[in-house]
Each structure stands twice: as structure tokens, then as C-alpha cells.
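A short worksheet on the structure shown next.
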Amino acid sequence: MVMKRKLLITGAAGVIGGAVTAGLRTLERYDITAADVRPDEARGIASLDVTDAQRMEELTTGVDTVLHFAWAKDQDDFLGKVLPINVTGAYHLYEAARRNGVKRIIFASSNHATGFYKVGEKIEATDPYRPDSFYGLSKCYIELLGQLYADKHGISSINIRIGNFPGDDRPHSDRAAHIWISARDMVQLAERCIEADENIPFLCLYGTSANTDNYYDIGYLKELIGYDPQDDAARLMDEAERRHQPIKHDETAYQGGVTK
Ligand SMILES: NC(=O)C1=CN([C@@H]2O[C@H](COP(=O)(O)OP(=O)(O)OC[C@H]3O[C@@H](n4cnc5c(N)ncnc54)[C@H](O)[C@@H]3O)[C@@H](O)[C@H]2O)C=CC1
Ligand SMILES: O=C(O)[C@H]1OC(=O)[C@H](O)[C@@H](O)[C@@H]1O
């Protein structure tokens with residue numbers, strides 16, 4: 001009998017975690033534990049509060065790869081949410097992973113880790129951080145937590161700087177056209193990160209579809225991990241225009257969509 005790779009997906013009741021869990025389940029190739037602070041028996045989602053170190057320890061037992069999508073929103077409440085829930089939760093995850101011999105953690109980072117690069121600048125995933133908010137800064141911290149555990153404990157850490165993934169699977173704004181990722185591309189990217197060479201110790205990458213107007217050049221990911229995105233925001237925006245669906249015109253000076 002072929003042993004299936006054991007995955008833990010956190011934040012599985014959420015927009016991205018839900019889509020990735022459903023997509024990976026249809027492949028029938030993985031043994032998946034899905035978990036969220038909002039458990040849902042009907043959807044096969046167990047209970048996990050990322051601030052509960054003991055529960056994290058239980059759920060990572062015997063797991064090969066964790067996909068970490070759990071996140072308490074209210075992005076810039078540094079003292080109320082970012083630090084006590086999201087940063088602390090990531091710490092518990094890495095610690096539990098270390099103790100339980102988890103091989104790889106795939107973390108849902110964000111374009112906001114580098115959101116203060118100017119629109120028009122072509123950036124690479126190895127360029128210096130330019131967080132545009134406490135939210136973006138917390139993503140930088142957690143990416144580097146991954147670097148620490150990769151260097152010190154040999155846990156392979158892949159940080160996907162996700163662009164824009166709205167719940168209804170279509171881009172809604174001019175800015176989204178540069179960073180959007182479709183559900184099927186997100187599932188493919190997650191699967192490619194799970195399957196990527198086990199000797200990759202640490203990797204940051206931008207997670208977008210094959211958008212005509214992408215801020216980032218992601219073409220190299222095809223050779224590196226086999227990511228071959230199928231969708232393009234420009235195509236869907238043309239379609240939206242034909243159907244008179246509203247598109248927000250929200251171009252800003254900075255890639256994260258922020259103003260000073
Ligand atoms: N949707 C987007 O456009 C982007 C999302 N991301 C990142 O991707 C991840 C997922 O985002 P979404 O699916 O959009 O968010 P979401 O809010 O739909 O999903 C997050 C999930 O985490 C769960 N959660 C909250 N607190 C928790 C806790 N203490 N313990 C366990 N689970 C908890 C929530 O119940 C929710 O189901 C987040 O880390 C987010 O920062 C990054 C860039 C873009
Ligand atoms: O930049 C964006 O569009 C997205 O980036 C993120 O990191 C957020 O989690 C998401 O709510 C935003 O919509």
C-alpha cells in the first residue's frame with residue numbers, strides 16, 4: 001500500500017484554506033487534517049486555535065507538511081490580534097513542528113511584506129522587505145521564523161506571498177489585476193509547494209496567476225517547482241467590462257495599495 005503524505009491545513013474554514021483543502025481533497029493523494037478555530041463537522045474541519053500550543057502539538061503529530069492559512073483578521077491591530085494570535089500562533093506551529101519532525105511548512109505570507117515598493121518597480125522575491133503595515137511586518141517576521149527553523153532545525157519553509165484572492169474567484173480592481181490569483185492556480189501552487197524538492201530549505205515566492213500586468217515575474221517558478229498558472233486577471237476584467245460588472249479604479253503609488 002502506498003502511504004499518502006500527511007498534511008495539516010490550518011485556517012481550513014477560510015476563503016483560501018477552504019479552497020485549497022477542497023482542491024487537494026479532490027486529488028485523493030493526501031491524508032488531510034483540516035482545522036480551524038471555526039470547526040465544521042460537515043466539512044471535515046477539526047477544531048484548532050493556533051494560540052493553543054498543546055492542540056498544535058497534537059495536530060502536528062505524524063504530519064509531513066503543514067499549510068498554514070489560519071489568521072485572525074483585523075490586520076493592523078498589533079497588540080490585540082497580530083502579536084498575540086498570528087505571531088504567537090506561528091511560533092507554536094514551528095515549535096510543534098520541530099518537536100514532531102514535520103518536514104515542511106508552507107506559510108500564507110502576503111504581498112504586503114513588500115507593499116512599499118513603488119508601482120512600476122519590478123521586484124524579485126529575494127529583494128529586501130518593504131512592509132506596508134503591521135500586517136505586512138508580521139508576515140516578514142513569520143517568513144524569517146521559517147528561515148530560523150530551516151537553518152537551525154532543518155524544517156523546509158516555503159512562504160507564498162499571496163497577491164489577491166477574493167472569495168468569488170474574480171479580480172475586482174485595477175490593483176488586483178497586478179496580483180490576483182485564481183482558486184485553481186492557488187490549489188496548483190499549494191500542491192507544487194507540497195511536492196517541491198525536499199532539499200529546498202527555504203523559499204519565498206509571489207503567489208499570483210499568470211496576469212498580463214503582474215508586478216512580479218513568476219515565470220521561473222515553472223522550472224523551479226513546476227507551477228504553471230492557467231488564469232489571467234486581464235481576461236476576466238475584459239469579461240467583467242462586457243458584462244458591466246463594476247471594477248474599482250484604485251491604482252496607488254505603492255504596490256500594497258497603501259498611501260502614506
Ligand atoms: N485573501 C487574500 O487576498 C490574501 C490572503 N493572505 C493570507 O492568506 C491567509 C488566509 O487568508 P483568507 O483565507 O483570505 O482569510 P480568512 O479570514 O478567510 O481565513 C482565515 C481563517 O483562519 C481562521 N482563524 C482565525 N483565527 C484563528 C485561530 N486563532 N486559530 C485557528 N484558526 C483561526 C479563521 O476562522 C478563518 O477561517 C491569511 O494568512 C492571509 O493573511 C495573503 C494575501 C492575500
Ligand atoms: O492585497 C490584497 O489585495 C490582499 O492582501 C492580503 O494580504 C489580505 O489578506 C487580503 O485581505 C487583501 O485583500
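When the P(r) is computed for the stretch 103-179, the part past 19 Å accounts for 42% of the Cα-Cα pairs. Ranking of LYS222, LYS260 by solvent-accessible surface, largest first: LYS260, LYS222 (1.4 Å probe, protein heavy atoms only, all chains present). The HN-Hα couplings worked out from phi for the stretch 192-205 by the Karplus form 6.51 cos²θ - 1.76 cosθ + 1.60 (θ = phi - 60°) are 5, 5, 5, 8, 4, 2, 5, 7, 6, x, 7, 8, 10, 8 Hz, whole numbers, x standing for Gly and Pro. Amide H contacts of ASN164: TRP180, ILE181, each under 5 Å away and 5 or more positions distant or on a separate chain (H built 1.01 Å from N in the peptide plane; Pro and chain starts excluded). Relative to the current alpha-carbon distance between ARG25 and GLU223, full extension at 0.36 nm per residue lengthens the span by 68.7 nm. Bridges between two residues of the stretch 1-127, per DSSP, are antiparallel at a rate of about 5%. Computed from backbone phi, the HN-Hα couplings of the stretch 90-104 come to 5, 4, 4, 4, 5, 5, 5, 4, 4, 5, 9, x, 4, 8, 9 Hz, rounded to whole numbers (Karplus: 6.51 cos²θ - 1.76 cosθ + 1.60, θ = phi - 60°; Gly and Pro given as x). Residue-normalised convex hull volume from the C-alpha trace of the stretch 199-260: 105 Å³ per residue. Applied to the stretch 116-128, the Karplus parametrisation 6.51 cos²θ - 1.76 cosθ + 1.60 on θ = phi - 60° returns per-residue 3J(HN,Hα) values of 8, 6, 6, 4, x, 7, 8, 10, 10, 5, 8, 5, x Hz, with x for Gly and Pro. Per residue, the chain exposes 47 Å² of solvent-accessible protein surface, assessed with a 1.4 angstrom probe and all protein chains in place.
Mean projection of the Cα convex hull over all viewing directions, computed for the chain: 14.2 nm².
With a Cα cut-off of under 20 Å and a minimum spacing of 8 residues unless on different chains, the lysine pairs in the stretch 5-242 number 8. Spin-label pair ARG43-ARG98: with each label point 7 Å from Cα along the Cα-Cβ axis, the two points sit 3.2 nm from one another. Heavy-atom surface analysis with a 1.4 Å probe gives the chain a carbon and sulfur content of 51 percent of its accessible area. Start at zero, step by 10 Å, and the Cα-Cα distances of the stretch 47-190 spread as 11, 38, 37, 12, 1 percent across the bins.
The values are calculated or read from the model by the stated rules, or taken from the named source; none is laboratory data. Note that the structure is predicted; figures quoted are calculated from it, not measured. Counting neighbours? That spans all protein chains shown, and the Cβs are built from the backbone with ideal geometry, glycine included. Quick note on the areas: whole protein, heavy atoms, side chains included, nothing else; ligands and nucleic acids left out. Shrake-Rupley method; radii C 1.70, N 1.55, O 1.52, S 1.80 Å.
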